[in-house]
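First comes the structure, then the notes that go with it.
The values are calculated or read from the model by the stated rules, or taken from the named source; none is laboratory data. Bear in mind that the values here come from a model prediction, so they are computed numbers and not experimental data. For neighbour counting, all protein chains shown are included, and Cβ atoms are generated from backbone atoms with ideal geometry for every residue, glycine included.
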Amino acid sequence: MRRGSVLALLGLGLLAGGIAAAVAVLLPWLPTPASREAGRIDFVFWFTTVICIVIFAVVAAGLVYAVINFRAAPDDDSDGPPTHGHTGLEIAWTVIPTMLVVAIGIVSAIVLAKNDALAKDTLRVNVTAQQFAWSFSYPDGNNLTSGTLRVPVNRSLLLTFTSKDVIHSFWVPEWGQKQDTVPGIHPTLHITPDRLGRYPVICTELCGLGHATMRTTAIVMTQAAFDKWLKGQTKATSSPNAAVSGAAVFKNNGCSACHTLTAAGATGKVGPDLDKLPQSAQQANQPLQQFVETSITDPEAYIAPGYPKNVMPQTFKSLPKAQLDALVQYLIQSSKKG
Ligand code: CUA
C-alpha cells in the first residue's frame, strides 16, 4: 500500500471519528443521573459508544476512500475484475466484533451484578404494569396503592414487577436502569434515588395502542415528607367510613391514558370520549349504568363505531366491587356534567 493511501485513510478515519465523537459528546443524549446506579449504566453506554465510534470511523474511511479512488468512469460499462474472498480479512472481521460484543456483555454483567447487590434496609415497592398504566403498592405501608411512584431520597428501593397482560418495560431515564415486566414472572430491580425531584416513568416496550401514553411520575421526597405522606394516605384508606373515590380509581387504573374525561383532566384519544357516555349509551341502546359497567368489565361486548376491537384491556373485571361501583358512578356523574 502506498504511503499516500495510508495517510488518506487515516485522515478520513480521524474526520469521521471526530464528527461521530462530537455528535456523541456535544448533544445531551442522557439526562443528569439521579440514582446511585445510574452512573454505572452511563458507563456502559459510553463504553459501547466509544467502540461504535471507532468502528464507524474505520468503515467510513474505507467507504469514502473507495468511492473517491475506485469509482468507474461515466462511460465505463465493463465488468469489474473477478475477485475471490480474503481469508485473513474474513477472520479479522469475525474475530474482532466477537471480542467486542463479548467485552460489552462482560462489562454489562458486572454493572448489573453490582447494581443488584443487596442493599440493607430496602423499601419494598410492588410495581404493577397493565395496558396502559403503572400502579405502585407499598407492602410496608398497608399495601397502599398509588398511581404515582413516591419514594424517599437516598433509600434503596426493591421494586418487584408484575404484569397483568403483556410485556412492558419500566424506565426512569434519570435512574438509568430499565426492567422488563413479563407476565407470569416477577423480576426485581434495585434503585437508590439520590436526588430530590420529579422524574418521568416511561414504558419502553411497545405494548399496544396506548403504549406512548403509558407514563406516570416518580416523586423523590425527603424521608420525613415520605413518611408523612404514607401515614396520611394509610389513615385515609383504612378508615372504615372512607368512601372509595371513583376519581382515584380512574386515575390509578390509567384510564386517562386512553380516554377523554374533562372532570379528570384526561385527554386520551385511543378509546371513546367518556364525556359523551350518555350519547354512547343511547347509541348502543342500553341503559346508562348497565352500559358503563359492561363496557368496563366486558369491553368487547359492544364496540363503539369507529373504534377497533381488542384494544381496551380485559383486566378491569378484576376490580373489587366497591371500586367498580365507585368508578361507574363517577363516570356517570362526570359525563352528565361534561
Ligand atoms: Cu406498556 Cu408500552
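Assorted remarks:
- Scanning segment 130-171 for residues that are in contact (Cβ under 8 Å) with a residue 60 or more places away in the chain, part of a loop (DSSP other than H, G, I, E, B) and within 15 Å of the ligand (Cβ to nearest atom) turns up 131, 132, 147, 164, 165.
- Positions within segment 1-40 being outside any loop (DSSP other than H, G, I, E, B), hydrophobic (A, V, I, L, M, F, W, C) and within 16 Å of residue 61 (Cα to Cα), in sequence order: 6, 7, 8, 9, 10, 12, 14, 15, 16, 19, 20, 21
- Selection of segment 172-189 for residues being surrounded by 20 or more Cβ atoms within 10 Å (Cβ to Cβ) and either near the ligand (Cβ under 9 Å from one of its atoms) or basic (Lys, Arg) (or both) yields only 181.
- For segment 288-300, the tally of residues that are free of Cβ contacts under 8 Å to residues at least 40 places away in the same chain and under 31 Å from the mean Cα position of the chain (by Cα) stands at 8.
- Residues of segment 190-214 that are touching a residue at least 60 places away in the same chain (Cβ under 8 Å), part of a strand (DSSP E or B) and more than 9 Å from the ligand (Cβ to nearest atom): 190, 191, 193, 197, 199, 201.
- Look at segment 22-43: where a residue is acidic (Asp, Glu) and a partner is in a helix (DSSP H, G or I), sitting 6+ places away or on another chain with Cβ atoms under 8 Å, you get 37/115; 37/175.
- Considering residues of segment 228-257 that are assigned to a helix (DSSP H, G or I) and among the β-branched types (Val, Ile, Thr) only, the residue modelled with the highest pLDDT: 249
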